[in-house]
Amino acid sequence: MINLDQFAAPTKASVDTLFGLSTQAFESVEKLVALNLQTIKTLLAESHEASQAALLAKSPADLLKLQSEALKAAPQKAAAYGRQVQEILASFAAAQRASLDAQFEDVQAKFTDAVNGVMKDAPGTEQFLTLAKSAAAAAKNAYEGTNKAAKQIADALTANAEQVADAVVKNSKAAVATTEA
């Protein structure tokens, strides 16, 4: 006898996982919004301070010095902001990957159990069971290969982003130093 609950359970789990993934996505968006609001707040405060300092400057040389200091700090601040965004996105991606991995394993196990339960008493089902298990193993291998490749790509992008940020900061420092000289 076919037990429909065996086949409905993976669907229920998929819906739960979907809501979990949506919650994680929303939390990441909240973190990004909070970061952006804090960044805007900091920029406004720094702009106010810079405006006050510019108004108190006694000579054009003082104004140039203020501008030079702001230019020196800007690349480092931008790189720090980029790193914070990257951390939020990397955390989100890792949480999503972990949830999907767990869901995949659970669905695969439940599918195998359901097929075994349905076919255990039917005559001549050994070949079908072998085929179903082989298909499940192939799906698992494909999923793991894709997941591994996606992780390698994400790691490479993270490393490249860090290198680009470091290069921008170094080049900006060098450009400001050349300007001052």
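Does S14 count as at pLDDT 90 or above and hydroxyl-bearing (S, T, Y)?
When the stated conditions are applied, S14 does not pass them.
Kindly provide the set of residues from segment 132-157 that are of a type outside the set (A, V, I, L, M, F, W, C) and under 21 Å from L100 (Cα atoms), ordered by number.
Hits for segment 132-157 are K133, K140, N141, Y143, E144, G145, T146, N147, K148, K151, Q152, D155.
Conditions first: (1) within 30 Å of S22 (Cβ to Cβ); (2) open to solvent by less than 90 Å² (accessible area, probe 1.4 Å); (3) out of contact with any Asp or Glu (no Cβ under 9 Å at 6 or more places or on another chain). I40 passes all but one, so which condition is the exception?
It fails just one condition, (2).
Go through segment 168-181 and give me each residue that's at pLDDT below 75 and assigned to a helix (DSSP H, G or I).
Result: V168, V169, N171, S172, K173, A174, A175, V176, A177, T178, T179, E180.
Among the residues of segment 21-31, is any surrounded by 13 or more Cβ atoms within 10 Å (Cβ to Cβ), closer than 30 Å to E105 by Cα, more than 16 Å from the chain's Cα centre (by Cα) and among the polar types (S, T, N, Q)?
No.
Return yes or no: is A53 among the small types (G, A, S), surrounded by 13 or more Cβ atoms within 10 Å (Cβ to Cβ) and more than 30 Å from E87 (Cα to Cα)?
Judged against the criteria, A53 is a match.
What's the number of the condition Q76 fails, among (1) surrounded by 13 or more Cβ atoms within 10 Å (Cβ to Cβ); (2) closer than 30 Å to V15 by Cβ?
Every condition holds for Q76 apart from (2).
If you check every pair at least six apart or on different chains, which have Cβ atoms under 6 Å apart with a residue in segment 82-94 that is over 13 Å from E30 (Cα atoms) first and a residue that is in a helix (DSSP H, G or I) and modelled with pLDDT of 90 or more second?
Listed by first residue and then by second, the contacts come to Q84/L35.
Yes or no, residue by residue, for (1) surrounded by 13 or more Cβ atoms within 10 Å (Cβ to Cβ); (2) under 25 Å from the mean Cα position of the chain (by Cα); (3) within 24 Å of L18 (Cα to Cα); (4) not charged (D, E, K, R):
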| site | (1), (2), (3), (4) |
| --- | --- |
| E87 | yes, yes, yes, no |
| R97 | yes, yes, yes, no |
| D101 | yes, yes, yes, no |
| A135 | no, no, no, yes |
| N141 | no, yes, yes, yes |
| T158 | yes, yes, no, yes |
| D166 | no, yes, no, no |
| N171 | no, no, no, yes |
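The values are calculated or read from the model by the stated rules, or taken from the named source; none is laboratory data. Because the structure is a prediction, the values reported are computed rather than measured. With ideal geometry, Cβ positions are generated from the backbone for all residues, glycine too; neighbour counts draw on all protein chains shown. Just so you know, the surface numbers come from the protein's heavy atoms only, side chains and all, with ligands and any DNA or RNA stripped out. Shrake-Rupley method; radii C 1.70, N 1.55, O 1.52, S 1.80 Å.
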